[in-house]
Amino acid sequence: MKSPLLTLPGAVPAEGPDEGVAAHYGDLFREQRALADGAGFVDLSHRGVVTVEGADRLSWLHLLLTQHVSELPPGHATEALVLSANGHVEHEVQLVDDGSTTWMHTEPGKRGDFIAYLESMRFFYRVEIQDRTEEYAVLRLPAGSIVDTPEGTPVRETAQGRDLFLPRASLREFAAEHGPAIGVLALEALRVADHRPRLGMETDHRTIPHEVGWIGSAVHLDKGCYRGQETVARVHNLGKPPRRLVFLHLDGSEVRLPVHGDGVRRAEDGPEGRALGFVTTSARHHELGPIALALIKRNTAADAELIVGAEGTAAAQETVVAP
């Protein structure tokens, strides 16, 4: 989905998983500061929008998702995962129920597989699943925004701000009235600084929820069966996920930021040493400078001196998931 807001002045198209919306509008640090101050909005119209209606929608979703949603109050936002039979993360969804419809948004390019999974599990339940991506777009208002939610708009509110499920036909009008528009690179920098994982960036085909800190926020440990629950319970009881997420402060003298997949090594082993893990997301933060998230081996010491990439950029780690 290519956003009509890419025609706004200064818009530079994003690449990779955020293709279809703006990376920035000409001033990355100004946009970050605006978000931190509660101003502007972020165009997330490339994300998939899926709804579920019907009398059984919440009790049915409760059986499929890792989160406790059978009694989800109207307007209460949450996030949830879909796991494989082996407990690996397949989907992550942001959701809210308005009393008659459950609204969810997914990572770009994932809604087809997510809907296919939901359809395969319908059986006799009274639910109606719809792909609403052609009709609705997601816009993020930052925490502290004083912009009023348009009447009748489904909204998902969290500590990070408000996600509006806005009709696509009204995107331009909303942008004209409630700017400035802010690119996804600014939002990503704040996400990294907040240590929040993202599907496809902090995850791969082997990721289990414990490794990236999704236990609690997206996985409820006191609910009934769902696919992959055995792995969740076993690792939770043993306390030994194979990898853990860390936050890295990078040497600010380097011009190049590490990219997704760049190796993380012990400083004493040098750039040619054995990799302990890999960088998942890097960013330039308006206050912290160059930063990154990385997945590394669980038994890596929390005080180990690390380097990243072929250049051997020095990286001081902060614990996100405890070893």
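The values are calculated or read from the model by the stated rules, or taken from the named source; none is laboratory data. Remember, it's a predicted structure, so these values are computed and weren't measured experimentally. Neighbour counts are summed over all protein chains in view; Cβ atoms, including those assigned to glycine, are modelled from backbone coordinates with ideal geometry. Accessible surface is based on the protein model in full, side chains and every heavy atom, while ligands, DNA and RNA are left aside. Shrake-Rupley method; radii C 1.70, N 1.55, O 1.52, S 1.80 Å.
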Query raised in the report: Listed residues Ala193, Ala181, Ala159; which is open to solvent by less than 70 Å² (accessible area, probe 1.4 Å), within 16 Å of the chain's Cα centre (by Cα), within 26 Å of Ser282 (Cα to Cα) and among the hydrophobic types (A, V, I, L, M, F, W, C)?
Result: Ala193
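Among Phe174, Phe124, Phe165, which is the only one that is closer than 15 Å to Leu95 by Cβ and either touching a residue at least 40 places away in the same chain (Cβ under 8 Å) or surrounded by fewer than 20 Cβ atoms within 10 Å (Cβ to Cβ) (or both)? Break it down into steps so the answer makes sense when it comes.
On the way: Phe174 fails: closer than 15 Å to Leu95 by Cβ; Phe124 fails: closer than 15 Å to Leu95 by Cβ.
Checking each option against the conditions leaves just Phe165.
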Query raised in the report: For Asp222, all conditions in the list (1) assigned to a helix (DSSP H, G or I); (2) surrounded by fewer than 20 Cβ atoms within 10 Å (Cβ to Cβ); (3) touching a residue at least 60 places away in the same chain (Cβ under 8 Å) hold save one; what is the number of the exception?
Result: (1)
Report summary line: Every listed condition ((1) more than 15 Å from Val212 (Cα to Cα); (2) among the basic types (Lys, Arg); (3) open to solvent by less than 40 Å² (accessible area, probe 1.4 Å)) holds for Arg234 save (3)
Report task. Determine whether Arg274 is open to solvent by 70 Å² or more (accessible area, probe 1.4 Å), more than 21 Å from Asn86 (Cβ to Cβ) and part of a loop (DSSP other than H, G, I, E, B). Result -> yes
Requested in this report: Please list, ordered by first then second residue, the pairs with beta carbon atoms under 9 Å, 6 or more apart or interchain, first in region 294-316 and in contact (Cβ under 8 Å) with a residue 12 or more places away in the chain, second among the aromatic types (Phe, Trp, Tyr).
Outcome: Ala294/Phe247; Ala294/Phe278; Leu295/Phe278; Ile296/Phe278; Val308/Phe278
Report summary line: Matching residues in region 26-61 (surrounded by 20 or more Cβ atoms within 10 Å (Cβ to Cβ) and of a type outside the set (A, V, I, L, M)) number 12
